[in-house]
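The values are calculated or read from the model by the stated rules, or taken from the named source; none is laboratory data. Because the structure is predicted, anything quoted here is derived from the model rather than measured. As a convention, Cβ positions derive from the backbone with ideal geometry for all residues, glycine included, and neighbour counts pool all protein chains shown.
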Amino acid sequence: MRISRRQRIWGALLAAALVLGGILVWNIGSVLIAPANHPVGAPPAGWAAQAVTLPSASGAMISGWWLPGEPGRGVVVLMHGVHADRRTMLDRAAFLSRAGYSVLLFDFQGHGESLGKRITFGFLESRDATAAVNFARQQRSGEKIGVIGVSLGAAAAALAEPPLPVDALVLESCYPTIYEATANRLADRFGFLGRLATPLLTGQMRLRLSIGLDDLKPIEGVRRITAPKLFIAGTEDRLTTLPESERLFAAAAEPKEFWAITGAGHQDLHAFAKAEYERRVLAFFAEHL
């Protein structure tokens, strides 16, 4: 069958669009996994915090701050979100420290002052989570340990294998699967066409990170965590939707609690509902730590 000139032109345009789309999606992937390293500096003035470094099975030396509390009160390990660092957890550290808890804040590999080659959305970061909890246990042997993980931090805590040896976890804005997390972010940025491009982006993981979709399913991890869990989600979150958070909660092992913050998106939930957040989290830790 003879191909008309118009068909050839449209074919060429389609081929060019596919090539350009592939380049765009590849570049998006490059941005998403690029390390977010930068100086963090000293702890805030007036904080009796010690700078610490600890080795992780991720291959990184993890940088953090150790803030001692009242002996016997317990320890809380704070785990930040993607492309952030330990400073985003300072306000949480402040109210926990006032309550007497010892607090460990740290940078995941590839973030802040913890060097890393690639951000892996919870895979290698789960090993940092384990290293941080082990460090806290060494500092306060015999005391109970809690965790607050935000987004990436929550996923890392949920993905740890074996499960983190802790007594209570607060998991905020935790994605159930990396496929859904990717689809939501592309749709938020590019609309319906972005959602269609999701397989092109998630398909890069094996080549770039040597991991697959099944390696990044916190919804499977929470089934194995028997420690008490408090799940917190925003009702208006478009990156980890409320139905996804509810499904994650439903899959989790008991004991568990769920708090949906009305009007909150994928943001700092402590800053959004400060008084209620502190009341609920302190009550949760008081019961379990």
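Residues that are farther than 29 Å from His266 by Cα and not hydroxyl-bearing (Ser, Thr, Tyr) were ranked within region 135-159; the one that is surrounded by the fewest Cβ atoms within 10 Å (Cβ to Cβ) is Gly142. Looking only at region 173-191, residues that are more than 14 Å from Gly221 (Cα to Cα), in a loop (DSSP other than H, G, I, E, B) and not polar (S, T, N, Q) come to 1 in all.
Only one entry of Ile219, Ile211 meets the criterion of being in contact with a Ser or Thr (Cβ under 7 Å, 6 or more places away or on another chain) and more than 18 Å from Gly29 (Cα to Cα), and that entry is Ile219.
Does at least one position in region 195-205 carry a residue that is modelled with pLDDT of 95 or more and assigned to a helix (DSSP H, G or I)? Looking for residues that are modelled with pLDDT of 95 or more and assigned to a helix (DSSP H, G or I), one finds none in region 195-205, hence no. Among the conditions (1) in contact with a helix residue (DSSP H, G or I) (Cβ under 8 Å, 6 or more places away or on another chain); (2) buried (at least 20 other Cβ atoms within 10 Å of the Cβ); (3) closer than 30 Å to Leu213 by Cα; (4) of a type in the set (Lys, Arg), the only one that Arg127 does not satisfy is (1). Applying a threshold of 8 Å to beta carbon distances and a minimum spacing of six or more residues, or different chains, the list of pairs starting in region 101-120 at a residue that is of a type in the set (Lys, Arg) and ending at one that is crowded, with 24+ Cβ neighbours inside 10 Å reads Lys117/Gly110; Arg118/Gly110; Arg118/Leu124.
When Leu282, Leu248, Leu239, Leu230 are screened for being surrounded by 15 or more Cβ atoms within 10 Å (Cβ to Cβ), among the aliphatic types (A, V, I, L, M) and assigned to a strand (DSSP E or B), only Leu230 passes. Does Asp237 count as free of Cβ contacts under 8 Å to residues at least 12 places away in the same chain and under 18 Å from the mean Cα position of the chain (by Cα)? For Asp237, the condition - free of Cβ contacts under 8 Å to residues at least 12 places away in the same chain and under 18 Å from the mean Cα position of the chain (by Cα) - is not met.
Could we say that Val75 is under 22 Å from Asp214 (Cα atoms), touching a helix residue (DSSP H, G or I) at 6+ places or on another chain (Cβ under 7 Å) and either at pLDDT below 95 or β-branched (Val, Ile, Thr) (or both) here? In short, no. Among the conditions (1) among the β-branched types (Val, Ile, Thr); (2) within 25 Å of Gly146 (Cα to Cα); (3) part of a helix (DSSP H, G or I), Val170 misses just one, which is (3). One residue stands out in region 223-267 among those that are touching a strand residue (DSSP E or B) at 6+ places or on another chain (Cβ under 9 Å) and hydroxyl-bearing (Ser, Thr, Tyr): the one that is nearest to Tyr277 (Cα to Cα), namely Thr262.
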